[in-house]
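This report concerns only the one structure given below.
Since every read-out is calculated from the coordinates, none of them should be taken as a lab result. The model shown is predicted, which means the values in this text are computed figures rather than measured ones. Cβ coordinates were reconstructed from backbone atoms using ideal geometry, including for glycine residues, and neighbour counts include every protein chain displayed.
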Amino acid sequence: MSWLVLLLILFLLLLPVCRAFWRSTCESAFTFSQFQAETVASKVSERCRTKVRGVTFRNRDGTLREDIIIRKCREDDMLGLVREPKNRYDKDAIQVLRLVWTAKKKVSSAEQLGYISRELAVDLAPEMDAGAIYFARITALTGTQELRGVNLQILKVET
């Protein structure tokens with residue numbers, strides 16, 4: 001019976017290490033350097049720099065956006081920008097999403113960090129609706145450990 005207790009203790013000690021390994025191998029973000037390597041045929045240009053808005057709110061599934069930023073976001077991570085034309089507060093709304101990639105370069109899930117400001121969304125939304133592709137790169141994580149903000153570089157992919 002003592003070997004069973006020892007095995008259980010060992011399992012409990014190794015569980016955080018296994019979770020960290022799983023996250024680092026299966027739930028990795030796409031970095032800017034990886035993005036550049038994947039888009040050699042396309043031209044990427046900087047559109048502007050801004051901050052993510054609405055980071056203190058919860059997502060529809062109940063997750064706190066700040067928790068995602070604190071636990072998972074790093075400088076140089078690439079983020080998706082996705083139009084949300086049916087947003088009841090802003091018809092030009094653009095979501096900022098942390099994309100989770102599989103080893104085969106497929107998006108397995110997306111976690112919302114917030115929105116692009118209304119002032120910037122007014123300019124970008126019509127372009128995105130017409131087919132323009134935009135991404136964002138995290139240039140800095142700001143604030144304290146409990147209250148984080150995200151600075152972005154908005155990038156346009158020229159096809």
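A few points about this structure:
- Each Lys or Arg adds one and each Asp or Glu takes one away; over the other residues whose Cβ falls under 15 Å from the Cβ of Val122, this sums to -2.
- Computed as a quarter of the hull surface, the mean projected area of the alpha carbon convex hull for the range 45-93 stands at 4.6 nm².
- Residue-wise HN-Hα coupling along the range 135-151, computed from phi with Karplus coefficients 6.51, -1.76, 1.60 (Hz; x: Gly, Pro): 10, 9, 10, 6, 9, 6, 9, 10, x, 9, 5, 8, 10, 9, x, 10, 8
- Computed over the alpha carbons of the range 68-159, Rg followed by Dmax gives 13.5, 40 Å.
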